[in-house]
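Input: a single structure, listed below in structure tokens.
The values are calculated or read from the model by the stated rules, or taken from the named source; none is laboratory data. Keep in mind it's a predicted model, so treat the numbers as computed, not measured. No Cβ is skipped: glycine too gets one built from the backbone with ideal geometry, and neighbour counts run over all protein chains shown.
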């Protein structure tokens, strides 16, 4: 009995040893070895069917090849194919052990063995060995495809770039952890300007049960293309510091049944979301909040074409769009294009951003900062260290600066595509595949986002809610922002009572002067002035806007009516606010007004009283010139400095005290 057991063990070992030799899956070898034939038929043959489908099949082929590898590890070709499959997935860093073994078993088993093992070294940042194998491939290549030689030359350049970038680690990346990230792909982080929440695309299953109108379940379905869960959009709320809530499905009005639903951009106020769907080769859609609810998604007319459009970024005023398209007329296959709004959801003829930004290779993942001039995007061209790298360019003096690589470890030899930066420039977020992550792709934060040469962003953020002055009840309201230097309305939106308003605007190094006007049905409008001249850098204003109901005694304060120092002639930038006031007052034709003027405390009491009265009379003259009924103006009073509403010890306080008011009287 003991001998029989020993014999069985020896036979098993011999069979195993026979299969594990460096034996390839050729007809001759398989005719001699039934175990080799069995492995081929069970796994390798099926794997090859998917392997030669290329992009669509690598992941499935890999599953079959790894099963074959469990019992036959010493095939150079099988090791090569496993490594090659990994190099065409999100797990490129797993290729090297198989690539090295394939090379050790037979360096000539496949014509591009050196190129493949060079790629495997490249992906784990072993740049010297990658260059060695790339160079060997280039030296020994005897084919007639010049593109192969050009591409390997590009790979060598990427490795040399990587060697330089890795010497100077500028940023510290932090995986956002298992609460935000999942074992699935999580990517395209989008942050509201006040950093209160983030939305992102994920291929995780849904926890919620969703049904369409016919009662069909459509949560967490698998896509036919790659057998992964369909893309969907999730939201995580910022609790404090680096703590975020567990993500939940971002529910906006759209039909999700049987479709990918991927976010690609969000307006800085969070009131508009831009999504991608594979319709019509790939189109962009938008949805916005109206009366507290999301509208149905609409295709972006003038941007979508019969070609692929898959990413977009909106300027601070929602009037300029930067998007990615593979339409003809560019410099590579996928380029970044620019267009301006000509209607509610219509856009002008797009123009290419040109060869400074676009290359002969693909560009992707565009993001424009609210400063209006800092552009971030991903590219396979420029000075990349491999795959897509993230670059920064600045628009100054009517042209874009040459893009600069964001460096290591933001960029890696793999694809680093989607990057966003907060309005204050302190925090950045990106999605990437890095060894040690929680899933296929993870979202990473860079907090604080500080370069060795710190870049200051000249941006102001207005944030607030609108309430009834007496009851403190939150109100729906229309908010307008005006550039007082040009008189141009740069923002206009109806904001939800609960969400309030949030506006990001560039100030530039020279500063800006902005006016804000708020209207609500049945209330006097509210205005305020933000004088940001010669105050570069990031500024944030949080405001509770108290609205007064239209009734006798209510006061309409005009803070965007301007006079030169020691003058009482109206400045041109005052016209818009006065016209607005006339429009509102004409809505309530039975109400009369008393015009009251106020100054700060600079100058004598008597002088300020006279100056304030002269300014009131200038306002009265303008109203009469515009056809306002003189019988509705009952009195003009100059109070001088006697009724301050703020401190006179600061520039901002004194600015608030310099004002013209309309008091409603019966």
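Take residue 78 and decide whether it is free of Cβ contacts under 8 Å to residues at least 60 places away in the same chain, surrounded by fewer than 16 Cβ atoms within 10 Å (Cβ to Cβ), in a helix (DSSP H, G or I) and outside the structural domain of residue 412 (by TED's automatic domain parsing). Give the steps one after another, and end with the answer.
Working: free of Cβ contacts under 8 Å to residues at least 60 places away in the same chain: yes; surrounded by fewer than 16 Cβ atoms within 10 Å (Cβ to Cβ): no; in a helix (DSSP H, G or I): yes; outside the structural domain of residue 412 (by TED's automatic domain parsing): yes.
The answer is no for residue 78.
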>> Give all pairs with beta carbons closer than 7 Å in which a residue from segment 247-261 that is closer than 14 Å to residue 230 by Cβ and in the same structural domain as residue 284 (by TED's automatic domain parsing) meets a residue that is modelled with pLDDT under 70 and exposed (fewer than 13 other Cβ atoms within 10 Å of the Cβ); count only pairs at least 6 apart in sequence or on separate chains.
In response: 249/208; 257/212; 257/216
> Would a scan of segment 590-612 turn up a residue that is touching a residue at least 40 places away in the same chain (Cβ under 8 Å), assigned to a helix (DSSP H, G or I) and either surrounded by 15 or more Cβ atoms within 10 Å (Cβ to Cβ) or touching a strand residue (DSSP E or B) at 6+ places or on another chain (Cβ under 8 Å) (or both)?
Replying inline: yes
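Condition check ((1) touching a helix residue (DSSP H, G or I) at 6+ places or on another chain (Cβ under 7 Å); (2) at pLDDT below 85) across all residues:
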site: 552; (1), (2): no, no
site: 585; (1), (2): no, no
site: 592; (1), (2): yes, no
site: 595; (1), (2): yes, no
site: 620; (1), (2): no, no
site: 625; (1), (2): no, no
site: 630; (1), (2): yes, no
site: 654; (1), (2): no, yes
> Which ones in segment 54-73 are assigned to a loop (DSSP other than H, G, I, E, B) and surrounded by fewer than 18 Cβ atoms within 10 Å (Cβ to Cβ)?
Replying inline: 70, 71, 73
>> Please return the ranges of helices (runs of 4 or more DSSP H) entirely within segment 84-174 where 3 or more residues are farther than 25 Å from residue 72 by Cα and modelled with pLDDT of 95 or more.
In response: 127-140, 146-165
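Check every one of the strands (runs of 3 or more DSSP E) wholly within segment 373-480 and list those with 2 or more residues that are under 19 Å from the mean Cα position of the chain (by Cα) and within 27 Å of residue 355 (Cα to Cα). Spell out the reasoning first.
Working: elements: 374-379, 389-396, 416-421, 428-432, 442-446, 459-468.
Of the strands (runs of 3 or more DSSP E) lying wholly inside segment 373-480, those with at least 2 residues that are under 19 Å from the mean Cα position of the chain (by Cα) and within 27 Å of residue 355 (Cα to Cα) span 374-379, 389-396, 416-421, 428-432.
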> Is there a residue in segment 561-571 that is touching a residue at least 60 places away in the same chain (Cβ under 8 Å), buried (at least 17 other Cβ atoms within 10 Å of the Cβ), in a loop (DSSP other than H, G, I, E, B) and in contact with a helix residue (DSSP H, G or I) (Cβ under 9 Å, 6 or more places away or on another chain)?
Replying inline: yes
> Residue check, residue 556 against (1) in a strand (DSSP E or B); (2) modelled with pLDDT of 85 or more; (3) not assigned by TED's automatic domain parsing to the domain that holds residue 658, all met but one. Which one?
Replying inline: (3)
>> I need the full set of residues from segment 481-500 which are part of a loop (DSSP other than H, G, I, E, B) and touching a residue at least 24 places away in the same chain (Cβ under 8 Å), in order please.
In response: 484, 485, 487, 496, 497, 498, 499, 500
> Mind checking which residues of segment 520-550 are crowded, with 18+ Cβ neighbours inside 10 Å and in contact with a helix residue (DSSP H, G or I) (Cβ under 8 Å, 6 or more places away or on another chain)?
Replying inline: 524, 525, 527, 529
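What residue, of 304, 280, is in contact (Cβ under 8 Å) with a residue 12 or more places away in the chain and on the phi > 0 side of the Ramachandran plot? Outline the logic, then answer.
Details: 304 fails: on the phi > 0 side of the Ramachandran plot.
When all the criteria are applied, what remains is 280.
Please state which one of 215, 219, 258 is surrounded by 15 or more Cβ atoms within 10 Å (Cβ to Cβ), more than 22 Å from residue 318 (Cα to Cα) and at pLDDT below 80.
219
Quick one: how many residues across segment 501-510 are over 15 Å from residue 491 (Cα atoms) and in contact (Cβ under 8 Å) with a residue 40 or more places away in the chain?
Filtering segment 501-510 for residues over 15 Å from residue 491 (Cα atoms) gives 508-510.
If we keep only those that are in contact (Cβ under 8 Å) with a residue 40 or more places away in the chain too, we end up with 508-509.
Matching residues across segment 501-510 total 2.
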> Only one of (1) without any contact (Cβ under 8 Å) to a residue 60 or more places away in the chain; (2) over 26 Å from residue 300 (Cα atoms); (3) crowded, with 22+ Cβ neighbours inside 10 Å fails for residue 404. Which number is that?
Replying inline: (3)
> Going by the conditions given, is residue 186 in contact (Cβ under 8 Å) with a residue 40 or more places away in the chain, on the phi < 0 side of the Ramachandran plot and touching a helix residue (DSSP H, G or I) at 6+ places or on another chain (Cβ under 9 Å)?
Replying inline: yes
> Residue check, residue 305 against (1) surrounded by fewer than 18 Cβ atoms within 10 Å (Cβ to Cβ); (2) closer than 20 Å to residue 261 by Cβ, all met but one. Which one?
Replying inline: (2)
>> Tally up the residues in segment 265-286 that are modelled with pLDDT under 90 and part of a strand (DSSP E or B), please.
In response: 1
> Of all residues in segment 339-364, which are crowded, with 23+ Cβ neighbours inside 10 Å and either modelled with pLDDT under 95 or not assigned by TED's automatic domain parsing to the domain that holds residue 434 (or both)?
Replying inline: none
>> Please determine whether any residue of segment 38-46 is crowded, with 18+ Cβ neighbours inside 10 Å and either within 34 Å of the chain's Cα centre (by Cα) or in a loop (DSSP other than H, G, I, E, B) (or both).
In response: no
